Each structure stands twice: as structure tokens, then as C-alpha cells.
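Single-structure report; data block below.
What follows is calculated from the coordinates using simple rules that are stated; it is not laboratory data. Here the structure is a predicted model, which is why all the values come from computation and not from measurement. Heads up, the Cβs are rebuilt from the backbone with ideal geometry, glycines too, and the neighbour counts pull from every protein chain shown.
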Amino acid sequence: MPAHDPTTQSRGVLAVVLLSLGLVVAAVPALNVALPDLAADTDASMSQLQWIVDAYALVFAGLLLPAGALGDRYGRKPVLVAGLVVFAAGAALAALTSSPEVLIALRGLMGVGAALVMPTTLSIITSSFPREQRGKAVGAWIGVAGAGAVLGLLASGLLLEVWGWQSVFWFSAVVGLAVAARAVRRIPDSRDEGAPRVDHVGAVLSVLALAGIVFAAIEGPVRGWTDPLTLGALGVGAAGLVAWVVWGLVAEEPLLDPRLFARRDFSSGVLSITLQFFVFFGFIFLVVQYVQLVLGYSPLEAGLALVPMAMVLGGLSRRVPHLAARVSRRPLAVAGLLLMATGMLVVSQLDTGSSYWLLLAGLVPVGAGMALATAPATTDIVSALPASKQGVASAVNDAAREVGGTLGIAVLGSLLNQQYRAGVADAAPAGAPSHLVDAARESLAAALGIAAHLGEAGSGLAAGARAAFVDGMGLAYLTSAGLLVAAAAVLLVAIPGGRRTAPVQQDRSRSEVDRTDPGADRDADSEADTEADTVGASR
């Protein structure tokens, strides 16, 4: 960085990092609101529409760990730029096609680019920023990682007010290439000369494990959790996970040492991130449908409705590292999960005629809770690995986020679907053809479309379908609140408090060791100071 103005240089780097992160985070929700137009133009089936969305998540999650290792080994700047170019190319090609099958493949290509981008963004901050600037930068990263989903909805809503679904892809392509060009000029190459070789066996096994689990989560609600394909994918994921653990225990330079999960700070951080995004992604998935299909909001209005949550999340996230340096991680992590649970309890009370103010009363604590809980968890994860493996550390954080989010959409969506299908069957008009009832049970959008064609006779079906959807949504949100309270109780015990002893230093081939003196004890205040130094929380 230029010696004469390091602050300006850091701001330029941070802008590129945050734009890169926001672009790949927003790619899923931005497309969700465009699906009705996309389906009409491409004649895509419901299954194809689901895979146009989910192909991105499947490839993204599966490749995160090896992509993080590539950045550590070959340089974070070239991996970031390559990822942005691949992402943009996939988006541009997707805007030019009308084939559902090709769209699925191109969304997978975008997922490859996203996997290269996301872990490098956080590792660039943790490995390149001066200590006094690092904390606020990590806080900003956390804010964008959470709020990016809402910002994607808002941007997509604005585009769809004027243009068609292709504009969502063109926007991603143009912004991706512009940010890549900026990254070439602004991002320093923070490659570590002493980084270990890429563990190709561990990389393949991690891909099998994550892809198998994510595929099962995607197909479970559609095919059934006992369907052979779902069970087969779970089996592949479980086998890959077991093999990855065994390999990690015997390899000299594993991709990620499984022994790290025996550390309470690391494992509690992974648990917290996974559950936070399990709830958050599931919440976004359901609430967007609620405001559009039940309350009648347009895509743009739906995005605007969620902006307050994004503002709270993004604004508070920048202050949390400073708070963590003063009060330690544990109270922030626990308070964050309890605030999220409070928000879930509030939104579980929504009904078919609720005002926006009730929704807002739930959005604010969800955003505040995410901001408080994410920073301590991310700190624990990235602090557990040395500078030479910050790409892998970032990838672990991102993989927990993506797997948790995909599971949240699948499980909470499945809970809603069970309640919804039973309610729609009861609300169907007497004597209605069975094929219409079956179609109405598939989704609320389908039920409302059928009700519109039935005229006056369909008014009862529409009202009953909306009520059934709200009942299922309430069940999903109450379940989320219970999980968050239980996790808060676990983290109250699991997160190291007061004093913490660093693990014993292992041989140099295993680099996943604490960057502190072996056996060093810290009291509560010095632990907070060390954490502030590690992730750079500025006082």
C-alpha cells in the first residue's frame, strides 16, 4: 500500500471487497422475485425453476473449501478476479438464453465464480488490512454478508419495474466485470509464500460431503425425505464427511484439520453461523412470499419492506467488533440469538390482514440479533487458523453460512408446506376437480391462479390458501425461535469465557494452531484485547 495514504488505499480495497461480496450474496434472492416472468418466457416447469435457483447454491457451497485453499496458495487477488470474471460470464450468457436446461447449467457456472469470490473477500481483509482498520472492515463485511440478500431483492425489484428478468442477469454481469477491473487495480496480492500445498484429496472429499448434504436439502422437501434419491444424497454426503475426517487426521497437510472442531471457540462459531443463516435464509424465503402473495406487495415493495432490517444489520455490524473488545464474545453471541428469537416470535403472529408495523416489529430485532451474533462467531472461526490459511478459514465461515441457509430454506419450507397442503385441501370448493385441488396444493401462487380462473367460486379457495400459508409460516417461525433459544443456551456454556488456554502447538505441517504462545492463559480483559488484535477491532 502506498506509504503516503494507507487509509485511502484501504478504503478502496474495502469498497471492492464489499461490492464483490454483495454481488454473490444477492444472486439468489435477486432471482427469486424474477421467477414468475422467467417461467412465462421460458416455459420452465416448477422443478426446473427450483433448480435454476438451487444449482447456484449447490455448486457454491460444494466448492467453498477448495476455493479458499486456492487463494491461500496461489494468491487471493487472482482468485478473486477470476471468480468475478467467471460469475459475470455465467450471468451474461444466462441473459442470452431461453432454455431452462441451459439456465440451470449457467447458474452452476455462476456458483463456481461465487465460490472463488466469497472466501477471498474475508481473507483479504484479515490478511492484508492494518490491525487498527481490520475490525471495522470485518464488521462491514458481516453487514454486507447479511444485508446483501435484502439489497438483492431491492435491486431486482427496481429492475423488474422497467425491464424483464434478463435485466437481473445483465446487472450481475456488468457489475461483476466492473468490480473485476477495479480489483485488478486496487487489491493487493496477499499470497503467503509459506502456504501449504493444496490438499486435493481433502478438497474432493469436502466437495462430496457438502454437495451431498446440500443436494439432499434441496430435494428433500420436493421428493420426500425418505425418497431413495434424497437418502442416497445424504449417504454420499455422510460418507464424504467421514472420509474427509479420516483423511484429515492422517494427512500431513490437510485442507482443514478436523481436530479444530474439538476447540470450543471454533466449533461454537461454526454452530452459531450455521444456525443463524438456517433461520435467516428460511425467514427471507418465506417472508418474501408472504408480503407478495398474502399482502399483495409488488417485487419492489417487497424489497423496500425489508430495507429496515438490512439497515439495522449493516449499521450495527460495524460497531460490534468494538463492543466485543469491551464485553467479550459470549454475551454478544447469546444476546444476538435471543434477539433473533424475539423477532421470530413477533413474525409468527402475522396473519392475512396484518399491518406492516407488526412485520417491522419483527424485522428490527432479527437484523440487530444477526449483527450481534455473527461478528463473534466469525471472529472465532478466522482466529483459529493462521495467516497462511485465512482463505480456508473464510471458506469454513462461508460454507457454514451456505449450508445452514440451504437447510433453513428446505426444512422451514417443508414445515410450511405440510401445514399449507392440509389447509388448502380443506378450503377447496365442494366438488372441485381433484387435479385442480392437487395443483392448488403445490404452492400459494398456483392456488391463487386457480382461484382467479374459478371466479366467485374461487374466493373461498384464495382465502383458505392464504390462511393455510400463514398458519404454516407461523409454525416455521415458532420452530425457528425454539432452535435459537436452545442454541443460545448451548453457546452460553460452549463459548470460552473468563480464561482460555491455547491449544498445544503441533508440528509445522499442521498449520491450524492458535497464533498464541502454547499454554498461554488470559483473563477476560486480555482475551478481549487479543481478539481485537486478531480480527482487528479498533478501540
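So for the stretch 199-254, averaging the separation of alpha carbon pairs under 8 Å that are six or more residues apart and normalising by length, what relative contact order in percent results?
So the answer I get is 46 percent.
So if I place +1 on the C-beta of Lys and Arg and -1 on the C-beta of Asp and Glu, and nothing else carries charge, what would the dipole magnitude of the stretch 9-193 be about its Cα centre? I want it in debye, nearest 20.
Result for the stretch 9-193 is approximately 900 debye, rounded to the nearest 20.
In what sequence do Ile125, Ile218 fall when counting other Cβ within 10 Å, fewest first?
Ile218, Ile125
How big is the equivalent ellipsoid of the stretch 316-402 along its three axes, where each semi-axis is √(5λ) from the Cα gyration tensor, reported in whole Å from largest to smallest?
Value: 31, 15, 9 Å, ordered largest first.
How high is the FRET efficiency from Asp438 to Asp41, r the C-beta distance, R0 30 Å, rounded to 0.05?
Computed FRET efficiency for Asp438 and Asp41: 0.70.
Mind jotting down the three principal axis lengths of the stretch 194-292 based on Cα atoms? Whole angstrom, largest first.
The Cα atoms of the stretch 194-292 stretch 52, 33, 23 Å along their principal axes.
Loop only by DSSP, 12 or fewer other Cβ within 10 Å of the Cβ. Give me the GluC sites (Glu not before Pro) in the stretch 137-226 that pass, ordered by residue number.
Details: sites: Glu161, Glu193, Glu219; in loops: Glu193.
Answer by residue number: Glu193.
Over the stretch 199-254, what per residue volume does the convex hull of the Cα atoms give, in whole Å³?
On the way: hull volume 2.8 nm³, N = 56.
Considering the Cα atoms of the stretch 199-254, their hull volume per residue is 51 Å³.
In what order do Tyr356, Tyr477 fall by count of nearby beta-carbon atoms within 10 Å, going from fewest to most? Write down the numbers at each step before the final one.
Values: Tyr356 13, Tyr477 28.
Going from sparsest to densest Cβ surroundings: Tyr356, Tyr477.
Strictly greater than 22 Å: what percent of every Cα pair in the stretch 248-390 meets that?
47
By its C-alpha gyration tensor, with a ≥ b ≥ c as the square roots of the eigenvalues, how is the stretch 100-244 shaped: rounded for a/c under 1.5, else prolate for a/b larger than b/c, else oblate?
oblate
Quick check: the distance between the Cα centres of the stretch 59-82 and the stretch 127-147, to the nearest angstrom?
Each part reduced to its Cα centre gives a spacing of 19 Å.
Considering just Cα atoms, how many Å³ per residue does the convex hull of the stretch 35-176 enclose?
Value for the stretch 35-176: 108 Å³ per residue.
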